[in-house]
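J.: Questions regarding the structure given below will be posed in turn.
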Ligand SMILES: Cc1cc2nc3c(=O)[nH]c(=O)nc-3n(C[C@H](O)[C@H](O)[C@H](O)COP(=O)(O)OP(=O)(O)OC[C@H]3O[C@@H](n4cnc5c(N)ncnc54)[C@H](O)[C@@H]3O)c2cc1C
Ligand code: FES
């Protein structure tokens with residue numbers, strides 16, 4: 001069976017709406033060409049925003065300020081709990097406050113290169129331009145960024161960047177940025193422009209006359225299923241890393257909102273691009289429910305090693321220097337422990353596969369601070385990393401001042417997502433997608449501190465400008481509650497709920513989710529092969545069948561029912577998992593977070609294939625399997641080169 | 001290890017609740033407290049019983065979703081630690097553990113261990129923000145902020161909105177939560193113009209939402225997983241007095 005047997009190729013993507021002209025003028029020119037909505041008319045236009053993370057809260061608050069009527073949804077009990085809250089490291093912006101040579105162009109260049117030449121130049125340039133305004137906006141909201149003694153904002157270099165462009169608020173940057181957006185959102189709630197619906201989950205998209213016109217939601221407390229109609233729908237529902245079951249994402253993160261839209265016609269782009277973060281706390285046993293990230297900044301001072309000999313089970317302190325392998329320093333003398341995330345992750349997997357891993361199951365490598373403590377003193381190390389060391393100790397019961405940390409890679413971020421054009425609109429008119437939920441700016445690999453930047457860029461600055469061009473044609477015709485499309489969407493939701501509650505099964509949802517996660521991690525994780533991906537597609541298909549036969553969901557429809565919520569999410573993960581494998585199978589090159597074992601150099605580095613694969617893979621949900629639409633990528637400003645960190 | 005759990009079960013907001021006993025076995029000391037509850041729930045589902053509902057999301061101590069009173073203490077026995085970060089190595093084989101929801105007038109129980117904390121959102125909506133419409137901000141360096149002010153603001157802003165302070169307070173007061181936000185914003189130059197309206201609005205909403213009054217027991221700060229200090233309450237009281245005097 002060739003890879004083509006799993007899908008069929010359709011027409012190329014018709015139009016990305018990217019403006020032409022000099023790259024630094026494109027955003028300005030799009031803003032000027034986009035139509036505006038006069039303030040009196042905005043009141044007549046309703047916009048649904050699904051999600052209250054950085055991308056959703058910023059969009060909902062800004063649209064509310066502009067005078068649109070906004071309905072904002074999240075599944076948590078408060079908008080402030082969206083997963084963005086967990087981001088630690090920081091947010092990039094090309095402010096060049098350090099005078100160290102940073103500029104919009106350099107951030108643009110670094111992001112295109114970091115994405116391994118699989119993103120759109122126009123989008124990335126806009127992101128770099130807008131980045132500076134984000135910091136201004138957040139400071140005005142009172143976000144307590146780290147400051148220097150002179151009172152100005154502090155910056156650090158992050159993820160191997162050569163300039164200091166990362167703004168941060170101790171180890172809680174995501175929290176502070178999200179609280180800023182949340183407070184702006186609550187201000188609009190008080191002003192009456194935004195209606196908030198917490199503990200509500202979107203379960204279907206409503207498409208009427210080829211336009212996105214509303215959603216079906218379930219009230220997670222009462223179980224009531226209802227619909228809301230609007231003039232446009234924005235999905236800011238986050239990433240899909242939880243398809244792996246174990247990831248650094250929050251437990252509730254899921255793909256349902258975007259997957260349901262995909263099933264209604266929205267293209268899903270580059271689903272196989274996932275980011276694996278090298279420094280997470282390893283799994284401690286079968287009870288493990290999630291993985292915890294240890295900030296990347298630890299690699300600035302920690303040295304990564306494993307025993308030189310396989311099966312060496314001495315305590316780390318008993319292994320003499322000469323019998324340790326500092327494999328990153330050995331393989332990458334120029335970057336050492338600071339190589340990019342994908343490279344560090346793969347190298348850790350390689351030494352563990354050789355049987356040299358440490359800790360339970362041999363799935364870990366040491367991150368050792370002994371040299372740093374010797375050089376800087378324990379106090380200095382504590383001042384820098386104290387909170388992280390405490391967190392590590394709380395979770396593992398081991399003291400990292402005395403014993404090296406054990407770390408292992410974990411799924412962290414998904415670059416893929418719903419396909420959007422330059423205006424952040426999907427191929428379904430009126431359906432916009434922002435933040436991690438879309439695919440737009442990071443190509444095949446995201447740089448550290450760039451997701452927060454993108455979420456806020458989309459929500460505060462891009463979407464509020466581009467959506468007006470679409471809304472200028474509104475308000476659209478009223479849609480009755482018994483309209484065929486509405487009734488059909490609502491019925492689909494009710495049917496699914498009925499099915500799960502009445503299924504006479506004997507296995508829990510979590511047991512299926514764990515098993516799916518293992519398949520994904522094994523075959524569609526850090527290293528992918530033709531053979532493995534084919535196997536995975538078969539295994540997922542079988543497991544999915546078993547899921548529908550054997551899944552057991554207790555409780556009723558008309559109440560808070562967390563098992564029912566999970567069942568729907570896992571059902572969608574199965575279908576997404578299949579598409580991820582097909583996407584990974586068809587892309588026979590290695591690029592960014594997608595490493596195909598067949599496409600590597602003699603010394604084991606990723607080999608891109610620009611001839612064949614310089615395109616975005618936008619997948620349509622076809623009746624008989626996925627249909628691939630290619631969007632060719634054009635590089636006018638940054639010449640594609642092979643990355644090298646030797 | 002093997003444990004006996006006594007857990008608050010309540011099928012809905014109007015239903016009567018009670019403590020129910022369960023036994024879990026084979027719990028690893030490396031498991032988190034919530035992972036131990038996951039094990040219990042898998043067991044209950046297998047038996048065809050209704051699993052225990054509880055709020056959680058990030059499981060790394062930052063989202064503020066998890067909210068259990070464990071053996072009478074909000075977030076359990078370990079200081080500066082949310083329930084999700086509490087690990088079973090704190091317990092011994094044979095221990096008996098009581099698990100209950102936050103109990104406070106302003107936080108009605110929805111089901112089992114899940115409570116309704118939307119009153120916190122309403123307090124923020126009543127003034128816990130700085131009005132800074134998108135796109136109107138001056139350059140970030142236009143207003144320097146002394147490092148100690150920024151750090152002090154950060155210390156208050158670290159609140160995760162979990163509600164442990166309310167659960168720990170004998171009066172069910174939301175004072176620490178509210179004061180943390182008041183202090184965060186009052187300690188920044190950007191927060192000055194709305195300083196007085198903010199505190200008046202938030203206090204009015206706090207009182208209207210059914211939270212109790214503050215009698216300085218200090219239980220809130222002792223239970224706070226982010227160690228928000230009582231100094232923020234002093235700040236709120238000062239600001240409130242000034243604002244009220246001015247408004248009078
Ligand atoms: C541990 C960790 C650390 C990180 N650190 C950094 C960092 O330092 N710098 C950086 O730039 N990035 C970082 N990232 C990445 C970054 O945090 C995320 O990519 C980003 O915050 C995503 O924001 P978002 O608004 O798109 O989605 P989210 O914040 O995930 O929000 C999703 C929202 O959608 C809602 N939702 C989802 N589905 C539904 C549905 N069906 N119905 C109703 N509502 C729904 C949720 O309730 C939520 O409100 C980190 C990520 C992790 C996991
Ligand atoms: S689950 Fe997020 S703080 Fe505990």
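The values are calculated or read from the model by the stated rules, or taken from the named source; none is laboratory data. None of the values given here were measured: they were computed from a predicted structure. Note that we place each Cβ from the backbone using ideal geometry, even for glycine, and neighbour counts take in every protein chain shown.
J.: Among the listed residues A:234, A:216, identify the single one that is under 21 Å from residue B:134 (Cα atoms), away from chain B (no Cβ under 12 Å), at pLDDT 95 or above and away from ligand 2 (no atom under 16 Å from the Cβ).
T.: That would be A:234, the only listed residue that is under 21 Å from residue B:134 (Cα atoms), away from chain B (no Cβ under 12 Å), at pLDDT 95 or above and away from ligand 2 (no atom under 16 Å from the Cβ).
J.: Residues that are under 29 Å from residue A:76 (Cβ atoms), more than 17 Å from the chain's Cα centre (by Cα), at the interface with another protein chain (Cβ under 10 Å from one of its Cβ atoms) and crowded, with 24+ Cβ neighbours inside 10 Å: does the range B:157-175 have at least one?
T.: There is no residue in the range B:157-175 that is under 29 Å from residue A:76 (Cβ atoms), more than 17 Å from the chain's Cα centre (by Cα), at the interface with another protein chain (Cβ under 10 Å from one of its Cβ atoms) and crowded, with 24+ Cβ neighbours inside 10 Å.
J.: Of the conditions (1) touching a residue at least 24 places away in the same chain (Cβ under 8 Å); (2) surrounded by fewer than 19 Cβ atoms within 10 Å (Cβ to Cβ); (3) within 10 Å of chain A (Cβ to nearest Cβ); (4) assigned to a loop (DSSP other than H, G, I, E, B), residue B:149 clears all except one; give me its number.
T.: So residue B:149 meets the others, but not (4).
J.: Check off (1) touching a residue at least 60 places away in the same chain (Cβ under 8 Å); (2) more than 7 Å from chain A (Cβ to nearest Cβ); (3) buried (at least 20 other Cβ atoms within 10 Å of the Cβ) for residue B:130 and give me the number that stays unchecked.
T.: Unmet condition: (2).
J.: Something else now. Just to be sure, is residue A:489 closer than 28 Å to residue A:577 by Cβ, in contact (Cβ under 8 Å) with a residue 24 or more places away in the chain and either within 16 Å of ligand 1 (Cβ to nearest atom) or in a loop (DSSP other than H, G, I, E, B) (or both)?
T.: Values: closer than 28 Å to residue A:577 by Cβ: yes; in contact (Cβ under 8 Å) with a residue 24 or more places away in the chain: yes; either within 16 Å of ligand 1 (Cβ to nearest atom) or in a loop (DSSP other than H, G, I, E, B) (or both): yes.
Yes; evaluated as a whole, the condition is true for this residue.
Residue-wise test of (1) away from ligand 1 (no atom under 16 Å from the Cβ); (2) touching a residue at least 40 places away in the same chain (Cβ under 8 Å).
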{"residue": "B:1", "(1), (2)": "yes, yes"}
{"residue": "B:9", "(1), (2)": "yes, yes"}
{"residue": "B:20", "(1), (2)": "yes, no"}
{"residue": "B:23", "(1), (2)": "yes, no"}
{"residue": "B:30", "(1), (2)": "yes, yes"}
{"residue": "B:43", "(1), (2)": "yes, no"}
{"residue": "B:49", "(1), (2)": "yes, no"}
{"residue": "B:54", "(1), (2)": "yes, yes"}
{"residue": "B:57", "(1), (2)": "no, no"}
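J.: Would you check if there is a residue in the range B:224-232 being assigned to a helix (DSSP H, G or I), in contact (Cβ under 8 Å) with a residue 40 or more places away in the chain and under 29 Å from residue B:60 (Cβ atoms)?
T.: Yes, that holds for at least one residue.
J.: Testing residue B:107 on (1) touching a strand residue (DSSP E or B) at 6+ places or on another chain (Cβ under 7 Å); (2) more than 9 Å from every other protein chain (Cβ to nearest Cβ); (3) surrounded by fewer than 17 Cβ atoms within 10 Å (Cβ to Cβ), one condition comes back false. Which one is that?
T.: (3)
J.: Check off (1) more than 18 Å from the chain's Cα centre (by Cα); (2) closer than 25 Å to residue A:263 by Cβ; (3) part of a loop (DSSP other than H, G, I, E, B) for residue A:475 and give me the number that stays unchecked.
T.: Of (1) more than 18 Å from the chain's Cα centre (by Cα); (2) closer than 25 Å to residue A:263 by Cβ; (3) part of a loop (DSSP other than H, G, I, E, B), only one is false for residue A:475: (2).
J.: On to the next question. Between A:464, A:409, which is at pLDDT 95 or above, within 14 Å of chain B (Cβ to nearest Cβ), in contact with a helix residue (DSSP H, G or I) (Cβ under 6 Å, 6 or more places away or on another chain) and within 16 Å of ligand 1 (Cβ to nearest atom)?
T.: Among A:464, A:409, only A:464 is at pLDDT 95 or above, within 14 Å of chain B (Cβ to nearest Cβ), in contact with a helix residue (DSSP H, G or I) (Cβ under 6 Å, 6 or more places away or on another chain) and within 16 Å of ligand 1 (Cβ to nearest atom).
J.: Going by the structure shown, is residue A:543 touching a helix residue (DSSP H, G or I) at 6+ places or on another chain (Cβ under 7 Å) and in contact (Cβ under 8 Å) with a residue 12 or more places away in the chain?
T.: In short, yes.
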